[in-house]
Amino acid sequence: MDYLGIDHVEFYVGDARQAAFVLCSAFGFRLCGQGGPETGLPGQRSLLLGQGDCRVLLTSGLLPDHPAVEYVSRHGDGVAVVAFGTDDAKSAFAAAVSGGATAIEAPRTYEGKDATVTTATVSGFGDVVHRLVERHGAEGDFLPGGIEMLDGPPADTSPAGEQDLLRTIDHAAVCLESGTLEATTRFYRQAFGFDLIFEEYIEVGGQGMFSQVVQSPGGGVTLTLIQPDLSRTPGQIDDFLAWHAGPGVQHLALSSHDIVAAVDALGERGVGFAPTPDSYYGQLGDRLGAVDLPVERLRPRGILVDRDHWGQMYQIFAKSLHVRRTFFWELIERHGARTFGTSNIPALYEAKERELAAVRETTQAGLS
């Protein structure tokens, strides 16, 4: 069984309209559809946002016993569903359950005038589940009988052309509790047929973390799984697990065809990015040789660059907009690279650690 890619991600949030406003005004997403009791989704309000091929569903519970209400109460706003696209949702569901996943929702088909969508849901990690999605017919109809698509062009608050800057969800990074990494990797190999494509021990100052990357056979879905090394100094992974109250999606990476333009555009709209020290760029030539994007374009924006056997990649972390400082976004541009540059991973986490250290200092100063 292979998967076509990340079909969409669903966030459970306290206020879907407020969350949509932030993503549209800051990141250039557009409102594409909406759903609720009147469209066949009882007990919830959902807004569908899109940009390029990225689809983000924001759901708020309207009743105390709705899963979104329970999730937000425990974790705060965060990713609750990572949906995998597939050519056969029923077979994917059967294979996942046979491989050890727990059945959450049996396959169900939604039929519209121009599209048919079959979904099924199985367990993932922590309180995050995987929706298996099979689509036929019109591409624009997200969930017939559940999400009402907007007539005409999507509501757009972006400057002309900005909607093309972010294209797909490149990968998801997952924070796991210590001692669960090997079992989680094994689960994705057995239940979904993923391959272990990369693993590394990462050191950031006195901190340490173990990382393994699993990917669907065709490369459409990539998950970076991370657990802290409890024998080292506690750091950002420990912070996430404490503030999020358990394992979850730490960040989603959005691919771009022009990361420099994307950073500039998002920066103008109020998005902050984790800083990178100037010394990083002084050593770049010795470490990598010639790079595709001029260093003078990378340095003032804090964009990192690395390479693997297939090519180069450019990455940067956005500062978290969440009150718990848990989830955040990453931007990535690939020039042939298929995995993650070995030295970029600690560099990315060092940049994020500097941001979180500043937050801790500010918080402590406010309390003293």
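Here are the numbers for the structure shown:
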| read-out | value |
| --- | --- |
| Heavy-atom SASA rank of Ser178, Ser60 (probe 1.4 Å, accessible area, largest first) | Ser178, Ser60 |
| Accessible carbon and sulfur surface of the chain relative to its total accessible area, %, 1.4 Å | 51 percent |
| Cα centre as origin, Lys/Arg/Asp/Glu Cβ charges: the chain dipole, Debye | 400 debye |
| Radius of gyration and maximum dimension Dmax of region 216-351, Cα, Å | 15.4, 43 |
| Mean separation of Cα contacts under 8 Å (6+ apart) over length of the chain, as relative contact order % | 15 percent |
| Gain upon complete extension [Thr39, Glu199; 0.36 nm per residue less C-alpha separation] | 53.2 nm |
| Residue-by-residue Karplus 3J(HN,Hα) for region 324-338, coefficients 6.51, -1.76, 1.60, Hz, glycine and proline x | 8, 6, 9, 6, 8, 9, 10, 10, 9, 10, 9, 10, x, 5, 10 |
| Signed unit charges on C-beta, dipole axis of the chain, positive-most listed residue Tyr188, Ser73, Ala95 | Ser73 |
| Residues with amide H under 5 Å from that of Asp170, placed H, sequence gap 5 or more | Ala253, Leu254, Ser255 |
| Long-range amide H partners of Cys32 with built H, under 5 Å | Leu48, Leu49, Gly50 |
| Length-normalised contact order for region 1-83 - Cα pairs under 8 Å, 6+ apart - percent | 40 percent |
| Nonlocal amide H pairs with Leu225, under 5 Å, H built at 1.01 Å | Val174, Gln212, Val213, Val214 |
| Accessible area of Arg299 in the full protein assembly, 1.4 Å probe (Å², nearest 10) | 90 Å² |
| Quarter of the Cα convex hull surface for the chain, i.e. its orientation-mean projected area (nm²) | 18.6 nm² |
| Residue-averaged [θ]222 nm for the chain, counting only DSSP H segments that reach four residues, each worth -39500 (n - 2.57) | -8000 deg cm²/dmol |
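The values are calculated or read from the model by the stated rules, or taken from the named source; none is laboratory data. Because the structure is predicted, anything quoted here is derived from the model rather than measured. Cβ: placed from backbone, ideal geometry, glycine included. Neighbour counts: every protein chain shown. For accessibility, only protein heavy atoms count, side chains too; no ligands or nucleic acids. Shrake-Rupley method; radii C 1.70, N 1.55, O 1.52, S 1.80 Å.
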